[in-house]
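Engineer: For reference, the structure I am asking about is given below.
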Amino acid sequence: MHGYTDRKDDYTKRLRRIEGQVRGLQRMVDEDKYCIDILTQISAVTKALQSVALGLLEEHVAHCVADALAVGGPEADAKVKEANEAIARLVRS
């Protein structure tokens, strides 16, 4: 079981809402809407995706990494490395 399993429905709903926002962006471009309005919506979508990513990361650290640390050994080292790499990817984006 993954750390986010208990909140899976919440994440699915949020991602569907984001999907709708992206479709709205496509419509805005198709309808030649004002550039700044499109950029504002892109910012909102980006923040929404970042929020989902941070939630998933929090769940991963609280469950997967914490469980691996409790066991210790190479698996714990691998989970910590994996989490650090995920954080680095999020910071770069």
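Engineer: Against the condition within 20 Å of Ala86 (Cβ to Cβ) and small (Gly, Ala, Ser), how does Ser43 come out, does it pass?
Structural biologist: no
Engineer: Could you please tell me which pairs satisfy a Cβ distance under 7 Å, a separation of 6+ or placement on different chains, a first residue in region 1-24 that is without any contact (Cβ under 8 Å) to a residue 24 or more places away in the chain and surrounded by 13 or more Cβ atoms within 10 Å (Cβ to Cβ), and a second residue that is β-branched (Val, Ile, Thr) and assigned to a helix (DSSP H, G or I)?
Structural biologist: Taking only residues 6 or more apart or on different chains, the pairs are Val22/Val45.
Read-outs: derived from the displayed coordinates by stated rules, not from any lab. Only a predicted model underlies this, so the values are computations on that prediction, with no experimental measurement involved. For neighbour counting, all protein chains shown are included, and Cβ atoms are generated from backbone atoms with ideal geometry for every residue, glycine included.
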